[in-house]
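Here's the structure we're looking at; comments come further down.
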Amino acid sequence: MPAPTPLFSVVIPAYNRADFLPQVLETILAQTYADFELLLIDDGSTDDTLQLMQQWLRRDERIRYHRKKNEERSIARNTGFLLAKGRYVVFHDSDDLMKPNHLATLARAITENPDVCFLATKFVLQTDEGIAEDEINQLAGGRYDYRLFLSGNPVGIFVCVRKECPDIHLFPPQFNFCEDWIFHLLNYRRRQLLLIDEVTNVVVVHNNRSMTNHSHVIAGRIAATEFIISQTTLSEQEKALLWGNTYRFCAIHSYLDHRYRDSIRYMLQAIRLLGINWPQLTLLAKFLMGRKVVLWLKK
């Protein structure tokens with residue numbers, strides 16, 4: 001039986017994920033570290049999530065279920081944070097998987113670093129072709145501040161937060177894309193993130209992920225960049241780095257969306273701010289050729 005105040009509250013926002021949730025919940029209940037509650041925030045799902053969760057509530061008393069109207073995932077995560085009983089809140093998505101040692105790894109790090117407010121582990125990608133590494137796997141374990149996130153968000157949503165830490169910036173309610181990036185950049189201005197050098201999560205890549213809607217992704221990234229600059233005091237060099245990487249990001253997604261003129265325009269803006277180097281020139285050449293030519297050359 002879990003303690004009245006568990007060490008962890010695993011918070012999962014869910015909207016119409018009844019097809020993914022059983023596998024996700026199985027991986028959480030299979031954790032080798034058992035002192036946790038699982039708090040699922042149903043953000044107004046219209047599928048079978050309610051009926052599914054009624055079954056799971058009977059299965060394990062550590063599961064809590066909160067149903068609310070649809071307000072998107074930032075508000076759903078904030079709701080979970082406020083309802084959480086645990087000393088630490090572990091954010092997780094409704095379509096990603098936990099390895100059995102995830103919570104045990106966090107618990108060990110907390111014991112060794114009781115001063116930290118934010119912790120994260122590494123993850124891999126599960127694609128149709130198999131397991132692939134993400135950019136986070138190239139980072140050394142250790143403590144990082146906001147500067148790590150000026151180029152983007154290598155950590156994703158996989159962050160553990162000490163709930164009693166003062167002045168935590170929760171997820172911006174007006175954003176349902178890049179909200180995790182904003183969360184990291186605002187919180188690590190005063191504090192650091194402890195990155196643990198272990199892979200304990202799996203991101204499942206599928207066609208329904210928000211990153212596949214390229215127009216939405218581009219607009220969201222630009223809006224998030226503008227918001228970050230409005231909420232922080234960055235040097236001119238940091239602003240150039242932030243915007244340069246945003247333009248590079250937009251160039252890549254324009255290319256994937258077959259909008260080649262936009263991809264070239266964004267890439268030129270990125271080069272203006274980030275400078276000329278071989279990776280930037282390689283990307284620009286790729287965009288100039290267009291996707292059909294690139295695919296033909298790969299054959």
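The values are calculated or read from the model by the stated rules, or taken from the named source; none is laboratory data. Quick caveat: nothing in here was measured; it's all calculated off a predicted structure. Virtual Cβ from ideal backbone geometry, glycine too; neighbours counted across all protein chains shown. Heavy atoms of the whole protein, side chains included, go into the accessibility calculation; ligands, DNA and RNA do not. Shrake-Rupley method; radii C 1.70, N 1.55, O 1.52, S 1.80 Å.
What to note about this one:
- Scanning the range 107-126 for residues that are open to solvent by 10 Å² or more (accessible area, probe 1.4 Å) and among the hydroxyl-bearing types (Ser, Thr, Tyr) yields one hit, Thr111.
- Scope the range 35-69; condition open to solvent by 60 Å² or more (accessible area, probe 1.4 Å) and in contact with a helix residue (DSSP H, G or I) (Cβ under 9 Å, 6 or more places away or on another chain); matching residues: Arg59, Arg64, His66, Arg67
- Summed over the range 251-273, residues that are among the basic types (Lys, Arg) and either within 29 Å of Glu72 (Cβ to Cβ) or crowded, with 19+ Cβ neighbours inside 10 Å (or both) total 1.
- Among the residues of the range 137-168, those that are within 24 Å of Tyr247 (Cα to Cα) and either without any contact (Cβ under 8 Å) to a residue 40 or more places away in the chain or acidic (Asp, Glu) (or both) comprise Gln138, Asp145, Phe149, Asn153, Pro154.
- Exactly one residue out of Ile131, Ile136 is open to solvent by less than 10 Å² (accessible area, probe 1.4 Å) and at pLDDT below 95, and it is Ile136.
- Any hit, the range 151-163, residues being basic (Lys, Arg), open to solvent by less than 40 Å² (accessible area, probe 1.4 Å) and more than 15 Å from Tyr188 (Cβ to Cβ): no
- Exactly one residue among Arg221, Arg248 is basic (Lys, Arg) and either open to solvent by less than 40 Å² (accessible area, probe 1.4 Å) or assigned to a loop (DSSP other than H, G, I, E, B) (or both), and that residue is Arg221.
- Candidates Asp180, Asp167: the one that is under 17 Å from the mean Cα position of the chain (by Cα) and either more than 21 Å from Tyr15 (Cβ to Cβ) or not in a strand (DSSP E or B) (or both) is Asp180.
- Residue in the range 230-238 that is within 14 Å of Trp181 (Cβ to Cβ) and either outside any helix (DSSP H, G or I) or open to solvent by 50 Å² or more (accessible area, probe 1.4 Å) (or both) present: yes
- Residue check for Leu185: more than 25 Å from Leu283 (Cα to Cα) and in a helix (DSSP H, G or I): yes
- Taking residues in the range 224-237 that are more than 18 Å from Asn153 (Cβ to Cβ) and without any contact (Cβ under 8 Å) to a residue 60 or more places away in the chain, and partners anywhere that are in a loop (DSSP other than H, G, I, E, B) and open to solvent by 80 Å² or more (accessible area, probe 1.4 Å), the pairs with Cβ atoms closer than 9 Å and at least 6 places apart or on different chains are Thr233/Arg189.
- Considering only residues in the range 78-136 that are in contact with a Cys (Cβ under 6 Å, 6 or more places away or on another chain) and outside any loop (DSSP other than H, G, I, E, B), the one that is farthest from Arg62 (Cα to Cα) turns out to be Leu119.
- If the condition is being in a loop (DSSP other than H, G, I, E, B) and open to solvent by less than 10 Å² (accessible area, probe 1.4 Å), then the range 188-202 contributes only Tyr188.
- Of the criteria (1) at pLDDT 95 or above; (2) closer than 30 Å to Glu238 by Cα; (3) touching a strand residue (DSSP E or B) at 6+ places or on another chain (Cβ under 8 Å); (4) crowded, with 20+ Cβ neighbours inside 10 Å, which one Ser74 fails: (3)
- Within the range 1-34, restricting attention to residues that are out of contact with any strand residue (DSSP E or B) (no Cβ under 9 Å at 6 or more places or on another chain) and closer than 17 Å to Val89 by Cα, the residue that is surrounded by the fewest Cβ atoms within 10 Å (Cβ to Cβ) is Pro4.
- Residue list for the range 93-106, restricted to those being out of contact with any Pro (no Cβ under 9 Å at 6 or more places or on another chain) and crowded, with 18+ Cβ neighbours inside 10 Å: Asp95, Asp96, Leu97, Met98, Lys99, His102, Leu103, Thr105, Leu106
- Only one of the listed residues (Asp257, Asp262) is farther than 23 Å from Leu241 by Cβ and at pLDDT 85 or above. That residue is Asp257.
- Filter result for Leu281 (free of Cβ contacts under 8 Å to residues at least 40 places away in the same chain and either touching a Gly at 6+ places or on another chain (Cβ under 9 Å) or assigned to a helix (DSSP H, G or I) (or both)): yes
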